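Some notes on the structure that comes next.
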Amino acid sequence: MTDTYIRRATETDLPALAALEHQTFSDAFRSAYPAADFEAFMAAHKSPAAIEKAFRQEGTEYYVTEEAGTLTGLMQLNFNKQPDNGTILPEPALELEKIYVLQTGQSKGIGRQLLRFATELAQERNMRTIWLGVWEHNPRARALYEREGFSAFGEHTFTVGSQHDRDILLGKVLTTSR
């Protein structure tokens, strides 16, 4: 595992951030959906305008990894956000909504470093819980989260066009730095 530089994304990162999110999501999920549904989803949720809107949302922070000046991974954190399935987690809660790494950076520990960074940041900010959703057909990611102390507490539906997928919700109660 190589140590990776992680930093908070800035407004000047928006074009590269949008391109990275588009590429990583396409690489991971394009084959899972009908082409028309996938393209409509990408236009609505992964366009530069959609990424900028998420970036500017109150309580949301993006962090990126970079190597030689090129972004290689990203994560989106949503502070003080509860799951949408009705579960109430110990508050305050932090959602790790996105954690994406370029294919060339996978199996290098970048995802684990981002996850640990998010957990440490949550503890520093006195969050009680960190949680995320993972596609039921992504056992590799789920195994990483479970190795890092996350456990399943529910599920929700992730929809792309006419396809409804099940995401497993995983959470971890944190010890704060108080």
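The set of residues in the stretch 87-128 that are under 23 Å from A143 (Cβ atoms), at pLDDT below 95, out of contact with any helix residue (DSSP H, G or I) (no Cβ under 7 Å at 6 or more places or on another chain) and open to solvent by 80 Å² or more (accessible area, probe 1.4 Å) comprises T104, Q106, S107, K108. Across the stretch 149-173, which residue is farthest from R116 (Cα to Cα) among those that are out of contact with any Lys or Arg (no Cβ under 6 Å at 6 or more places or on another chain) and open to solvent by less than 30 Å² (accessible area, probe 1.4 Å)? Across the stretch 149-173, the extreme among qualifying residues is V160.
Pick from L96, L115: which is under 16 Å from the mean Cα position of the chain (by Cα), assigned to a helix (DSSP H, G or I) and under 24 Å from T70 (Cα atoms)?
None of the other options fit; the residue is L115.
Selection of the stretch 1-47 for residues being in a strand (DSSP E or B) and among the hydrophobic types (A, V, I, L, M, F, W, C) yields only I6. Just to be sure before I move on: is A54 open to solvent by 20 Å² or more (accessible area, probe 1.4 Å) and among the hydrophobic types (A, V, I, L, M, F, W, C) in the structure I sent? The answer is no for A54. Annotation note: of A50, A28, A40, the sole residue that is of a type in the set (A, V, I, L, M) and more than 18 Å from Y100 (Cα to Cα) is A40. In the set (1) at pLDDT 95 or above; (2) among the charged types (D, E, K, R); (3) over 15 Å from the mean Cα position of the chain (by Cα), the condition left unmet by K46 is number (3). Listed by first and then second residue, the pairs linking a residue in the stretch 24-36 that is within 18 Å of V64 (Cβ to Cβ) and crowded, with 16+ Cβ neighbours inside 10 Å to a residue that is among the aromatic types (F, W, Y) and at pLDDT 95 or above, with Cβ atoms under 8 Å apart and 6 or more places separating them unless they lie on different chains, are T24/Y100; F25/Y100; A28/Y100.
Restricting the stretch 57-84 to residues that are polar (S, T, N, Q) and touching an Asp or Glu at 6+ places or on another chain (Cβ under 7 Å), which is surrounded by the fewest Cβ atoms within 10 Å (Cβ to Cβ)?
Our first condition is that a residue be polar (S, T, N, Q); within the stretch 57-84, this holds for 57, 60, 65, 70, 72, 76, 78, 80, 82.
Narrowing the set further to residues that are touching an Asp or Glu at 6+ places or on another chain (Cβ under 7 Å) leaves 72, 76, 78.
Details: T72: 21, Q76: 22, N78: 19.
Step by step, filter the stretch 57-84, then rank; the result is N78.
Filtering the stretch 129-143 to residues that are open to solvent by 30 Å² or more (accessible area, probe 1.4 Å) and of a type outside the set (F, W, Y) leaves G133, E136, H137, N138, P139, R140, R142, A143.
The values are calculated or read from the model by the stated rules, or taken from the named source; none is laboratory data. In this text the structure is predicted, and so the values were computed from the model without any measurement. A quick note on method: Cβ atoms are made from the backbone with ideal geometry, for glycine too, and the neighbour counts reach across all protein chains shown. These area figures cover heavy atoms from the full protein model, side chains too; ligands, DNA and RNA do not enter into them. Shrake-Rupley method; radii C 1.70, N 1.55, O 1.52, S 1.80 Å.
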